[in-house]
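Peer 1: Provided herewith is a single structure, encoded as structure tokens, for subsequent inquiry.
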Amino acid sequence: MAAILAAFVATQLAIAVTTVYLHRALAHRALTVAPAVALPFRVICWMTTGQRPREWVAVHRKHHAATDTPEDPHSPAQLGFWKVQLGNVGLYKSAAADPTNLRKYARDIPSDNLDRLLFDHALLGLGVGIVIMMMFTWALGLGLLTGLIAALLHAGLYVMLAASVNAVGHTFGKRPHANSATNGQLLAFVTGGEGFHNNHHAAPTSARFSLQRGEIDPGWWLVQALTKLKLARVRHDEVHLKAA
Ligand SMILES: [Zn+2]
Ligand SMILES: [Zn+2]
């Protein structure tokens, strides 16, 4: 039980960084975060996901540029639902490894010294993350093994939830706006708001993913908290779209 709880916390931390920093701030420039926030975001991203921000951005921008066409890196419409839901990591890796994608879609995010020293070394980051998790559970009297199990559970959970945004979020749910992505409140709850993927494709530069009445976007709460603390600035916060 403790391992599941610890894994859930780690996954939500990774998801918060993914949706607010990698997705909304870097890929779409929907908000700008202060350096005091960007650095911890980069550290958490490195230790909980091992993803390189510029690669994530390149793959994601390509997805927007070629949504559900043969060029889309992870389209369930092209590849089938299960190939994206279960094979998302492989699809991501092959798109991220293509230098053409990086040149074309992430020119504004060059690697810096910290990337070369630390953040480009995914296995090192994940290793540090596992050790911290084990030390954390050990300090709580739950033992080192609980931490190791929690770290493995977190990895599986994060991989499946990230895949869900690409697979479920283009297959099942509501389509209030005219695009191939879908909205699902349940998915949005567990993915920091990413489940409102139809809204997001309709208004990619909006820092808020909840557009219709009653929709709850947890990622937007974090954006608002950072904005109130003057640690982030939203590009625009009023989206005017007519539901189809
Ligand atoms: Zn999409
Ligand atoms: Zn996007």
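The values are calculated or read from the model by the stated rules, or taken from the named source; none is laboratory data. In this text the structure is predicted, and so the values were computed from the model without any measurement. Every residue, glycine as well, gets a Cβ built from its backbone with ideal geometry; the counts of neighbours run over all protein chains shown.
Peer 1: When you scan region 46-61, how many residues do you find that are within 16 Å of ligand 2 (Cβ to nearest atom) and either over 19 Å from Leu117 (Cβ atoms) or not polar (S, T, N, Q) (or both)?
Peer 2: Total meeting the criteria: 9.
Peer 1: Here are some residues: Ala66, Ala96. Which one is within 16 Å of ligand 2 (Cβ to nearest atom) and under 30 Å from Leu148 (Cβ atoms)? Give the steps one after another, and end with the answer.
Peer 2: Values: Ala66 fails: under 30 Å from Leu148 (Cβ atoms).
Criteria check complete, one pass: Ala96.
Peer 1: Where the second residue is at pLDDT 95 or above and among the β-branched types (Val, Ile, Thr) and the first is assigned to a helix (DSSP H, G or I) and lies in region 102-129, which pairs have Cβ atoms under 7 Å and are six or more apart or on separate chains?
Peer 2: These pairs meet every condition: Tyr105/Val57; Gly129/Thr48.
Peer 1: Only residues that are away from ligand 2 (no atom under 16 Å from the Cβ) and either modelled with pLDDT under 95 or within 20 Å of Tyr158 (Cα to Cα) (or both): list them for region 168-177, please.
Peer 2: Answer for region 168-177, where residues must be away from ligand 2 (no atom under 16 Å from the Cβ) and either modelled with pLDDT under 95 or within 20 Å of Tyr158 (Cα to Cα) (or both): Thr171, Phe172.
Peer 1: Same structure again: Given region 19-82, what helices (runs of 4 or more DSSP H) lie entirely inside it while holding 1 or more residues that are buried (at least 23 other Cβ atoms within 10 Å of the Cβ) and away from ligand 1 (no atom under 14 Å from the Cβ)? Can you show your working first?
Peer 2: On the way: elements: 35-48, 53-65, 76-79.
Result: 35-48, 53-65.
Peer 1: Check Gly147, Gly192, Gly214 and return the single one that is touching a helix residue (DSSP H, G or I) at 6+ places or on another chain (Cβ under 9 Å), in a helix (DSSP H, G or I) and of a type in the set (Gly, Ala, Ser).
Peer 2: Sole residue among the options that is touching a helix residue (DSSP H, G or I) at 6+ places or on another chain (Cβ under 9 Å), in a helix (DSSP H, G or I) and of a type in the set (Gly, Ala, Ser): Gly147.
Peer 1: Return yes when Thr182 is under 25 Å from Ala77 (Cβ atoms), more than 16 Å from ligand 2 (Cβ to nearest atom), surrounded by fewer than 23 Cβ atoms within 10 Å (Cβ to Cβ) and modelled with pLDDT of 95 or more and no when it is not.
Peer 2: no
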